[in-house]
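The values are calculated or read from the model by the stated rules, or taken from the named source; none is laboratory data. Being a predicted model, the structure only gives us computed values, none of them experimental. For neighbour counting, all protein chains shown are included, and Cβ atoms are generated from backbone atoms with ideal geometry for every residue, glycine included. What goes into the accessible areas is simple: the full protein's heavy atoms, side chains included, and nothing from ligands, DNA or RNA. Shrake-Rupley method; radii C 1.70, N 1.55, O 1.52, S 1.80 Å.
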Amino acid sequence: MGMHMKRKERAASVYSIRLRWHIIISYCLAAVISLALIAGIIYFEYRSSVNERATARLVSVVMEHKGTIENFLFELANTMRMVTLLEDFDNLRQQDVLEQVYAVLEKEYDFAFEDLGVLDLDGNHLAYVGPYDLMDRNYIQAEWFQDVLEKEMVISNVFLGFRQAPHFIIAVKQTNGQDTWILRATVNAVKFASLVEYVRFGRTGFAYIVSHDGYYQTRSRDGYRVMDHVAPDHLDLEFFEGVNFWELKQDQRNFFRAKTWIKDNDWLLVVEQDVDDIYGELYLLRQNALIFFALGGILLLVLTLMTMKLLLRKVKLIDAEKELLDEQLIQSHKLASIGQLSAGIAHEINNPLAIIGEESGWMQDILKRENMQGIPEHDELTDSLREINQQAGRCRKITHKLLSFSRKMDATIREVDMNQLMDEVAALREREAGLSSIKFIRDYDQDLPMIHTDSSQVRQVLFNLINNAMDAINKNGEISLSTKKNKDKSITVTISDTGMGIPQENLTRIFDPFFTTKEPGKGTGLGLSICHGIIEKLGGTIFVASKVGEGTTFTIRLPLEPSVTVADD
Amino acid sequence: MSNPKVLLVDDEEALLTSLQRRLQLRGFNVIAANRGESALRAARRQDVDVAVIDVKMPGMSGKELLLALKKEHPHIQIIVQTGHGLFDPRDKQVADKIFSCLAKPCDFSVLKQTIIDAYNKKKAL
């Protein structure tokens with residue numbers, strides 16, 4: 001019993017803890033890994049496509065603005081050149097003509113031109129129109145003036161100048177006959193900057209211009225004003241062709257930057273947009289995806305747990321079946337080895353027992369002689385010898401039963417009607433049972449097929465079981481006898497009593513030889529083990545079920561045909 | 001009733017002697033042998049009516065002995081005493097050659113009666 005308990009506990013622990021965790025962990029790992037893989041692939045694919053789109057947009061913004069700015073500058077410069085071509089130097093140097101021209105330009109270009117002046121090659125104003133009194137200014141030292149002498153036309157960097165307002169100069173050199181002169185205009189940088197600064201896209205998209213020597217030409221995004229110098233390491237002013245773009249981190253800010261050189265590589269147009277802005281929708285998507293995958297994970301987990309529960313239930317069921325089979329196997333093995341052992345012992349005891357019997361018999365023979373009749377203890381000796389004989393006889397019965405228990409099968413297989421056989425056996429005890437108020441209840445299957453088996457041995461089994469049932473009831477009770485055809489070419493015979501029942505701890509030993517709860521001398525404890533042996537040899541099985549106080553049921557299953565191994569030899 | 005001549009074969013000497021004494025007391029003419037081989041020789045010297053044979057013996061087994069005895073003396077009646085489950089009296093080789101098969105140890109009166117029955121059968125032949 002203890003062994004059985006232990007085995008059960010061990011089996012339970014194996015399936016319910018180790019196997020359960022094994023299944024949970026491997027299922028969940030598989031689920032989480034595949035989910036994470038899918039999520040990761042989708043996320044990074046999407047991220048790179050967003051990235052591509054964002055940089056492509058950045059590049060197109062840069063290109064577009066490069067075009068706009070260059071067009072604007074070119075147009076201004078070209079207009080100035082047209083003026084120098086259309087108007088004679090002699091005309092333009094007259095104040096009133098220049099004023100007329102200025103009026104047209106101012107109107108045409110929405111006050112982009114702040115002033116207009118005609119200069120000689122020494123940098124002196126010949127004529128000037130504008131809000132400031134600059135007639136006396138000399139520009140010979142100005143950088144743009146040096147440039148225009150060389151290049152015919154110049155667009156200067158933005159500078160504050162004495163006016164303390166950002167502006168830049170467009171100057172055109174023209175030669176008419178012997179006269180070479182210069183038309184100079186100041187362009188309001190604020191107006192120009194609006195072209196660039198009002199470029200807004202996304203939430204943080206921003207554009208600005210930096211001169212090749214590192215001065216802001218328009219306001220920067222992080223608060224630098226026009227003409228401020230670029231903070232060291234903030235911007236690489238190396239010259240390159242086309243458009244450059246990359247992602248970078250500066251002042252705790254992650255952003256994409258695209259840049260290109262404009263105005264004959266004089267100005268650097270820079271466009272920036274924060275990474276957060278670009279990935280804004282991606283972050284939202286990521287959040288949604290996280291929620292989605294978390295829900296998916298939970299669903300998978302629940303499914304896994306449910307599947308596992310089902311699986312474990314199945315495993316436990318299989319295990320229980322296996323355990324039952326194991327127990328039956330162990331039981332029959334145990335009985336077989338006990339049978340062999342007891343047969344061996346019985347055989348060894350037989351000869352000494354026979355000698356004891358014969359020797360005491362011989363002594364009895366001697367005591368019967370005439371010359372022995374007179375001895376004083378004659379009667380006591382006779383009694384004693386009779387007792388020896390009786391006890392030897394008792395031993396003999398036990399050894400004979402033991403031997404029959406392991407005896408080679410000498411079954412005579414015949415066609416047997418179990419219903420009839422059961423009735424025959426019941427009839428032997430029914431009258432006596434009636435005296436103890438024990439009632440026999442019959443529940444026979446009327447379509448029970450004939451079976452091929454050894455009727456005398458089965459009779460012995462039935463007789464034994466009915467006797468046991470009567471002993472269990474003692475007085476007042478019922479014994480139910482039933483037969484039933486099974487689906488699998490076998491029949492079932494049950495004998496139930498309403499007796500005292502068998503305690504659980506005895507139930508597993510009930511078929512063991514010598515196991516008895518009867519008083520010493522009242523039972524050998526061999527009856528049920530012999531029944532077990534007989535039924536097994538006939539290819540059947542015998543089971544017992546019992547509940548203390550309610551009764552006991554023996555169930556015998558016998559095949560319609562005995563198995564080949566017990567065939568009569 | 002003439003005295004039946006009984007050949008008693010058992011490897012257990014103590015059993016042999018007490019059985020011999022008790023049967024002789026009751027008027028049987030008993031020859032005792034503790035081996036199959038000596039039993040066979042004894043049967044050749046004297047005319048034996050009934051042989052009571054133990055199955056398990058060193059040397060010649062009970063089965064071999066009874067087959068040999070039956071071959072040499074077809075009218076001899078054989079009673080087999082078996083102490084274990086290994087001897088099958090239904091064995092086709094021996095079934096028709098055995099008068100009776102008794103479980104050992106067997107009640108003396110049963111043995112005595114069986115010997116008398118066997119002797120009567122022998123005489124009737």
Within the range B:1-34, how many residues are open to solvent by less than 40 Å² (accessible area, probe 1.4 Å) and more than 14 Å from every other protein chain (Cβ to nearest Cβ)?
5
So how many residues does the range A:287-315 have that are surrounded by 16 or more Cβ atoms within 10 Å (Cβ to Cβ) and more than 13 Å from the chain's Cα centre (by Cα)?
3
Among the residues of the range A:141-164, which ones are open to solvent by less than 60 Å² (accessible area, probe 1.4 Å) and under 25 Å from residue A:99 (Cβ atoms)?
A:142, A:144, A:145, A:148, A:153, A:154, A:155, A:156, A:161, A:163
Within the range B:103-125, can you find the residues that are open to solvent by less than 50 Å² (accessible area, probe 1.4 Å), under 16 Å from residue B:54 (Cα atoms) and either more than 11 Å from chain A (Cβ to nearest Cβ) or modelled with pLDDT of 90 or more (or both)?
B:111, B:114, B:115
Restricting to the range A:339-359, and then to whatever is open to solvent by less than 50 Å² (accessible area, probe 1.4 Å) and more than 9 Å from chain B (Cβ to nearest Cβ), can you tell me which residue is nearest to residue B:14 (Cα to Cα)?
A:342
Matching residues, the range B:64-92, being more than 14 Å from chain A (Cβ to nearest Cβ) and open to solvent by 30 Å² or more (accessible area, probe 1.4 Å)
B:64, B:67, B:70, B:71, B:72, B:73, B:74, B:75
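Yes/no per residue for (1) part of a loop (DSSP other than H, G, I, E, B); (2) closer than 30 Å to residue A:125 by Cβ:
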site	(1), (2)
A:175	no, yes
A:199	yes, no
A:209	no, yes
A:227	yes, yes
A:239	yes, no
A:268	no, no
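Please verify whether the range B:35-46 includes one or more residues that are within 12 Å of chain A (Cβ to nearest Cβ) and either at negative phi or open to solvent by 10 Å² or more (accessible area, probe 1.4 Å) (or both).
Of the range B:35-46, the ones within 12 Å of chain A (Cβ to nearest Cβ) are none.
No - not one qualifying residue is present in the range B:35-46.
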Do you know which residues across the range A:196-214 are crowded, with 18+ Cβ neighbours inside 10 Å and either over 58 Å from the mean Cα position of the chain (by Cα) or of a type in the set (A, V, I, L, M) (or both)?
A:196, A:199, A:207, A:209, A:210, A:211
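What do you reckon, is residue A:335 within 30 Å of residue A:32 (Cα to Cα) and touching a residue at least 60 places away in the same chain (Cβ under 8 Å)? Before the answer, list the steps.
Values: within 30 Å of residue A:32 (Cα to Cα): no; touching a residue at least 60 places away in the same chain (Cβ under 8 Å): yes.
No.
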In the range A:13-70, what residues are over 30 Å from residue A:247 (Cβ atoms) and either acidic (Asp, Glu) or in contact (Cβ under 8 Å) with a residue 24 or more places away in the chain (or both)?
A:15, A:16, A:19, A:20, A:23, A:24, A:27, A:28, A:31, A:32
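Those residues that are without any contact (Cβ under 8 Å) to a residue 12 or more places away in the chain and open to solvent by 80 Å² or more (accessible area, probe 1.4 Å), I need them from the range A:114-140; list them, please.
Our first condition is that a residue be without any contact (Cβ under 8 Å) to a residue 12 or more places away in the chain; within the range A:114-140, this holds for A:133, A:135-136.
Selection gives A:133, A:136.
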When residue A:461 is run through (1) outside the structural domain of residue A:553 (by TED's automatic domain parsing); (2) open to solvent by less than 10 Å² (accessible area, probe 1.4 Å), the failure sits at (1)
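Taking the stated definitions as given, is residue A:291 within 14 Å of another protein chain (Cβ to nearest Cβ), out of contact with any His (no Cβ under 9 Å at 6 or more places or on another chain) and β-branched (Val, Ile, Thr)?
Details: within 14 Å of another protein chain (Cβ to nearest Cβ): no; out of contact with any His (no Cβ under 9 Å at 6 or more places or on another chain): yes; β-branched (Val, Ile, Thr): yes.
Considered against the rule, which asks whether it is within 14 Å of another protein chain (Cβ to nearest Cβ), out of contact with any His (no Cβ under 9 Å at 6 or more places or on another chain) and β-branched (Val, Ile, Thr), residue A:291 comes out as no.
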